[in-house]
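Visitor: Quick one: this structure, given as structure tokens, is what I'll be asking you about.
The values are calculated or read from the model by the stated rules, or taken from the named source; none is laboratory data. Quantities reported herein were computed from a predicted structural model and do not represent experimental measurements. Heads up, the Cβs are rebuilt from the backbone with ideal geometry, glycines too, and the neighbour counts pull from every protein chain shown. Surface accessibility is based on the protein's heavy atoms, side chains included, excluding ligands, DNA and RNA. Shrake-Rupley method; radii C 1.70, N 1.55, O 1.52, S 1.80 Å.
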Amino acid sequence: MKSLLIISALSLVGSCTTTKYSTKIDNLQSSIVVTDSATVSKYANTITAEEVKTQIFEVASDTFNGREVGTKGQKLAANYIKDFYIKENILSANDSSYFQHIPKSFLPKKYNASENVVAYIKGEENPEELLIISGHFDHLGVSHGEVNYGADDNGSGTVAMLQIAQAFKKAERDGISPKRSILFLHLTAEEIGLQGSLYYTQNPLFPLENTIADLNIDMIGRVDEKHKDNPDYIYLIGADRISKELHFISEKVNSTSTNIELDYKFNEKDDPNRYYFRSDHYNFAQEGIPVIFYFNGTHADYHKPSDTPDKINYKLLTKRAQLIFSTAWYLANKEGDLIHNEDI
């Protein structure tokens with residue numbers, strides 16, 4: 001009988017603890033309020049399908065020859081990104097060069113030295129705190145005499161980042177600066193093992209402990225087989241793994257802006273594709289930084305020369321970029337730090 005009483009008492013404690021935790025979660029979710037949706041919408045709508053299309057046809061062109069790490073094509077692409085930021089008067093995050101150089105010795109043996117491209121909008125109230133928006137711009141180069149254009153992988157993410165940065169800059173010109181700083185981190189060497197993001201996390205330009213989150217964009221211009229009849233979607237991976245608050249923010253922003261379907265299929269812990277481990281956000285997650293990986297899923301042209309700009313759904317890509325911009329706006333301006341799961 002004594003043993004039974006002890007077990008019953010423990011069960012009661014466990015039940016109370018569970019209830020208390022669930023109440024905290026409910027309170028956390030209900031505390032997220034979007035109050036400036038009209039302003040956010042105004043600048044999100046400056047991201048247009050016309051501009052996105054023009055830029056993807058440039059990024060995924062013969063000029064850049066598949067953007068393989070360390071090649072002339074990749075370096076031309078890096079300079080294209082740099083020139084955009086100079087034209088928009090968006091600051092470099094690394095002196096005036098816009099490049100974070102990665103030595104040949106850091107990369108696998110067959111690859112030459114490369115560079116991440118880093119641009120920056122300084123926060124007005126808490127400039128030492130940082131939101132990162134990332135995406136790789138390298139691709140597979142030439143195989144069997146054919147250029148791997150990488151329009152979706154990851155021309156789509158590269159161009160989305162440029163458009164998001166431009167939208168934040170337009171707000172800044174109108175006197176609306178973000179409270180936190182924003183780093184636009186165009187990563188090299190993703191295709192050869194997430195090397196550009198690994199280099200950044202080992203050699204950060206800003207303290208990792210001051211980095212609130214990483215929003216990583218990798219393939220957002222196409223529709224996969226699952227959604228061919230309902231293309232108004234985006235896969236989100238990792239949002240709740242380190243910070244459930246980030247997940248709730250993402251959902252609240254979506255419901256008050258683009259209202260796109262958020263598909264969490266690939267966020268399952270037992271997902272056999274293991275996408276959580278396969279793009280640049282993962283190196284930030286390894287450092288305890290909350291992340292969201294935005295992804296459209298694979299398609300028949302994945303990692304093939306047939307991944308060309310004419311197959312991009314530009315209206316959908318634009319809507320997805322607007323969602324990411326709106327989420328970034330909330331994070332850059334929210335009161336207080338993101339609550340990590342371990343602190344709930």
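Visitor: Suppose the filter is outside any strand (DSSP E or B) and under 20 Å from the mean Cα position of the chain (by Cα); does Y85 pass it? Spell out how you get there, then give the answer.
Guide: Numbers: outside any strand (DSSP E or B): yes; under 20 Å from the mean Cα position of the chain (by Cα): yes.
Yes; evaluated as a whole, the condition is true for this residue.
Visitor: Among the numbered criteria (1) more than 19 Å from R278 (Cα to Cα); (2) open to solvent by 20 Å² or more (accessible area, probe 1.4 Å); (3) assigned to a loop (DSSP other than H, G, I, E, B); (4) small (G, A, S), which single criterion is violated by G123?
Guide: Condition not satisfied by G123: (2).
Visitor: Of the numbered conditions (1) crowded, with 22+ Cβ neighbours inside 10 Å; (2) touching a helix residue (DSSP H, G or I) at 6+ places or on another chain (Cβ under 7 Å); (3) not in a loop (DSSP other than H, G, I, E, B), I289 fails exactly one; give the number of that condition.
Guide: Result: I289 passes all but (3).
Visitor: Search region 162-192 for residues being of a type in the set (S, T, N, Q) and outside any helix (DSSP H, G or I), and hand back the single one that is nearest to K53 (Cα to Cα). Reasoning before the result, please.
Guide: Our first condition is that a residue be of a type in the set (S, T, N, Q); within region 162-192, this holds for 163, 166, 177, 181, 188.
Then keep just the ones that are outside any helix (DSSP H, G or I); that gives 177, 181, 188.
On the way: S177: 27, S181: 28, T188: 22 Å.
Once the filter is applied, the top-ranked residue is T188.
Visitor: Of all residues in region 39-66, count the ones that are closer than 11 Å to S326 by Cα, assigned to a helix (DSSP H, G or I) and touching a residue at least 60 places away in the same chain (Cβ under 8 Å).
Guide: 5
Visitor: Any idea which of N254, N283 is over 21 Å from E209 (Cα atoms), polar (S, T, N, Q) and part of a helix (DSSP H, G or I)?
Guide: Values: N283 fails: over 21 Å from E209 (Cα atoms).
The conditions single out N254.
Visitor: Related question: Could you identify the single residue in N116, N89 that is at pLDDT 95 or above, over 16 Å from R180 (Cα atoms) and touching a Ser or Thr at 6+ places or on another chain (Cβ under 7 Å)?
Guide: Working: N89 fails: touching a Ser or Thr at 6+ places or on another chain (Cβ under 7 Å).
The match here is N116.
Visitor: Identify all residues within region 85-104 that are surrounded by fewer than 19 Cβ atoms within 10 Å (Cβ to Cβ) and touching a residue at least 24 places away in the same chain (Cβ under 8 Å); write none if there are none.
Guide: Residues of region 85-104 surrounded by fewer than 19 Cβ atoms within 10 Å (Cβ to Cβ): 86-89, 91-92, 94-97, 101, 103-104.
If the condition is that a residue be surrounded by fewer than 19 Cβ atoms within 10 Å (Cβ to Cβ) and touching a residue at least 24 places away in the same chain (Cβ under 8 Å), then E88, N89, L91, S92, N94, K104 are the ones that fit.
Visitor: Now for a separate question. Can you find a residue in region 223-246 that is of a type in the set (V, I, T), at pLDDT 95 or above and closer than 30 Å to P103 by Cβ? Break it down stepwise before answering.
Guide: Let us first name the residues in region 223-246 that are of a type in the set (V, I, T), namely 223, 234, 237, 242.
Subsequent filtering for residues that are at pLDDT 95 or above retains 223, 234, 237, 242.
Keeping just the survivors that are closer than 30 Å to P103 by Cβ gives none.
No, region 223-246 contains no residue that is of a type in the set (V, I, T), at pLDDT 95 or above and closer than 30 Å to P103 by Cβ.
Visitor: Only one of L236, L246 is open to solvent by less than 30 Å² (accessible area, probe 1.4 Å), not small (G, A, S) and not in a strand (DSSP E or B). Can you tell me which? So that I can check it myself, show each step before the final result.
Guide: Numbers: L236 fails: not in a strand (DSSP E or B).
Every option except L246 fails the conditions.
Visitor: Any chance region 105-118 includes a residue that's free of Cβ contacts under 8 Å to residues at least 60 places away in the same chain, of a type in the set (G, A, S), touching a helix residue (DSSP H, G or I) at 6+ places or on another chain (Cβ under 8 Å) and not in a helix (DSSP H, G or I)?
Guide: Yes.
Visitor: Mind listing whichever residues of region 292-319 are open to solvent by less than 40 Å² (accessible area, probe 1.4 Å) and closer than 14 Å to A167 by Cα?
Guide: Once the filter is applied, which keeps residues that are open to solvent by less than 40 Å² (accessible area, probe 1.4 Å) and closer than 14 Å to A167 by Cα, region 292-319 yields only T318.
Visitor: Being touching a residue at least 60 places away in the same chain (Cβ under 8 Å) and either of a type in the set (V, I, T) or in contact with a Lys or Arg (Cβ under 8 Å, 6 or more places away or on another chain) (or both) is the filter; apply it to region 161-178 and report the residue that is farthest from G66 (Cα to Cα). Please lay out each step first, then the result.
Guide: Step one: of region 161-178, the residues touching a residue at least 60 places away in the same chain (Cβ under 8 Å) are 162-171, 176, 178.
Within this subset, residues satisfying the condition of being either of a type in the set (V, I, T) or in contact with a Lys or Arg (Cβ under 8 Å, 6 or more places away or on another chain) (or both) are 164, 176.
Numbers: I164: 24, I176: 38 Å.
Per the stated criteria, the residue is I176.
Visitor: Could you pull out the residue among K179, K228 that is open to solvent by 10 Å² or more (accessible area, probe 1.4 Å) and touching a helix residue (DSSP H, G or I) at 6+ places or on another chain (Cβ under 9 Å)?
Guide: Working: K228 fails: touching a helix residue (DSSP H, G or I) at 6+ places or on another chain (Cβ under 9 Å).
The match here is K179.
Visitor: Among the listed residues N79, N45, N65, identify the single one that is farther than 22 Å from H139 by Cα, open to solvent by 30 Å² or more (accessible area, probe 1.4 Å) and not basic (K, R).
Guide: On the way: N79 fails: farther than 22 Å from H139 by Cα; N65 fails: farther than 22 Å from H139 by Cα.
It is N45.
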